[in-house]
Amino acid sequence: MLFPLIKNRKNINKLNECNVNGLKFEIISAKGELNPRSKFRSLEEALIRELPEDIMDLIPKSYDVIGKIAIIEFDRFSSLSVDKISLYKKKIAEAIAKVNKTVETVYEKKSEVKGKYRLKELQPIFGEDNPETFHKENHCIFKLDVKNTYFTPRLVFERKQLSLIKFAKNELIVDMFAGVGPISIQIAVNNDVKIYSLDINPTAHKYLIENVKLNKLKGEILAYNIDVVDLINSSNELGIYLKNRG
């Protein structure tokens, strides 16, 4: 009977101790061949032969996948040399693409969300530097630019819960920070409502209009490229209208 083992000196020493205690077995070295049909189940599994053991604990535990793009943050590599950091980041990015067959580009997150458009700095570390992608979520599709619009896939559950609320027919809803439309569109797909979708970012506004056309809506979405602060201006027509409807 054969048991495949990953070569590890500590484990081999422990097994040899068992051999001394009367358990008869032989440890042999052999080079395995990768099955082209096999799939890695995790990032750690894809990297176990690619990185030193002491680096494995530094691998980020999570990353975002948005369409064909993955975004990862490295916050534990500061103690390593610049050359090694660059090499390890590249190997990790390649492994992400192996684990996620749809991923074509991997970006490193270089900053937190900042500015009036809520954007983060991204640096390509694998694949083509093309930040535009199509992302599927809860039976909806969204076209977006990960560098120039705000979008997080981590709110998928919360957006689904909102979309499943049974709104009254023709109910008026205001989405004050609509972005590319993940909340507005998912609600309008499931409900015959009227949504005013507002965002200050002109790029997000452009994608919102495209995404309205990409999805089959029961309701209606009216997109506005506007700073919500302007709604409280006494001369703002949209603000006056929404206030009177309230």
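We did not get these values from a lab; they are worked out from the coordinates using the rules stated. Since the model is a prediction, treat every value here as computed from it, not as a measurement. All Cβ positions, even for glycine, are placed from backbone atoms using ideal geometry, and neighbour counts span all protein chains on display.
Report the normalised scattering of the chain as log10 I(q)/I(0) at q = 0.08, 0.15 Å⁻¹, calculated by the Debye formula with identical scatterers on the alpha carbons. Those come out to -0.47, -1.07, one per q. For ASP175, the residues whose modelled amide H falls within less than 5 Å of its own, excluding neighbours fewer than 5 places apart on the same chain, are TYR196, SER197, LEU198. Beyond 24 Å, how much of the Cα-Cα pair distribution for the stretch 153-246 remains, as a whole percent? Of all Cα-Cα pairs in the stretch 153-246, 19 percent lie more than 24 Å apart.
Annotation: peptides 42-51, 97-106, ranked by per-residue average of other Cβ atoms within 10 Å with the highest first, follow the order 97-106, 42-51.
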